[in-house]
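Asker: Here's a structure for you.
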Amino acid sequence: QVQLVESGGGLVQPGGSLRLSCAASRSIFSINAMAWYRQAPGKQRELVARITGDGTTDYTDSVKGRFAMSRDNAKNTVYLQMNSLKPEDTAVYYCNAVVGSFAYWGQGTQVTVSS
């Protein structure tokens, strides 16, 4: 079992940056895949970025070149650096970890991009 706690959300102007953090309650060294999802009002939750144990990353097309996901196994934390933010990036961002056949989620952190 693992608990995930996101932080770093907030209100930012278009073109600005934010860095989200997701702290795990146990070592993430053995967790192969961790991910960030987001859910905007009235829309389905979508995968934003994913990182494997060896650091390989994958991104949804709409954030490629703007977002970067990383992991720090020593701190049991994954990050999502978000640059050149757009209003359409506004959503609640959730951290996800898959351990065996179980999926774990954080409580989410709100990101609002608005002038």
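Asker: Only one of these is within 10 Å of the chain's Cα centre (by Cα) and at pLDDT 95 or above: ARG66, ARG19, ARG45. Name it. Spell out how you get there, then give the answer.
Answerer: Working: ARG66 fails: within 10 Å of the chain's Cα centre (by Cα); ARG45 fails: within 10 Å of the chain's Cα centre (by Cα).
Step by step, each of ARG66, ARG19, ARG45 is checked, and only ARG19 is within 10 Å of the chain's Cα centre (by Cα) and at pLDDT 95 or above.
Asker: Let me ask something additional. Suppose we keep only residues that are loosely packed, with under 15 Cβ neighbours inside 10 Å and part of a strand (DSSP E or B) within region 69-80. Which one would you say is modelled with the lowest pLDDT?
Answerer: ASP72
Asker: Taking region 81-104 only, how many residues are assigned to a strand (DSSP E or B) and either of a type in the set (D, E, K, R) or closer than 14 Å to ILE28 by Cα (or both)? Steps first, answer last, please.
Answerer: Here is the first cut: in region 81-104, the residues assigned to a strand (DSSP E or B) are 81-82, 91-99, 102-104.
Still in the list and also either of a type in the set (D, E, K, R) or closer than 14 Å to ILE28 by Cα (or both): 95-99, 103-104.
Within region 81-104, residues that are assigned to a strand (DSSP E or B) and either of a type in the set (D, E, K, R) or closer than 14 Å to ILE28 by Cα (or both) number 7.
Asker: Then there is this: Hey, ASP58 hits all of (1) without any contact (Cβ under 8 Å) to a residue 12 or more places away in the chain; (2) in a loop (DSSP other than H, G, I, E, B) but one; which does it fall short on?
Answerer: Unmet condition: (2).
Asker: Scan region 81-115 for residues that are under 13 Å from LEU20 (Cβ atoms), aromatic (Phe, Trp, Tyr) and open to solvent by 20 Å² or more (accessible area, probe 1.4 Å) and report the count.
Answerer: Looking only at that region, the number is 1.
Asker: Going by the conditions given, is ARG50 farther than 20 Å from SER17 by Cα, in contact with a strand residue (DSSP E or B) (Cβ under 7 Å, 6 or more places away or on another chain) and modelled with pLDDT of 95 or more?
Answerer: Criteria not met by ARG50.
Asker: Based on what the data block shows, is LEU80 in contact (Cβ under 8 Å) with a residue 12 or more places away in the chain and within 11 Å of the chain's Cα centre (by Cα)? So that I can check it myself, show each step before the final result.
Answerer: Working: in contact (Cβ under 8 Å) with a residue 12 or more places away in the chain: yes; within 11 Å of the chain's Cα centre (by Cα): yes.
Yes; evaluated as a whole, the condition is true for this residue.
Asker: Looking at region 1-46, which of its residues are outside any loop (DSSP other than H, G, I, E, B), open to solvent by 60 Å² or more (accessible area, probe 1.4 Å) and among the basic types (Lys, Arg)?
Answerer: ARG19
The values are calculated or read from the model by the stated rules, or taken from the named source; none is laboratory data. None of the values given here were measured: they were computed from a predicted structure. Because the Cβ atoms are built from the backbone with ideal geometry, glycine has one as well, and the counts that use them run over all protein chains shown. Keep in mind that these areas ignore ligands, DNA and RNA; they rest on the heavy atoms of the full protein, side chains included. Shrake-Rupley method; radii C 1.70, N 1.55, O 1.52, S 1.80 Å.
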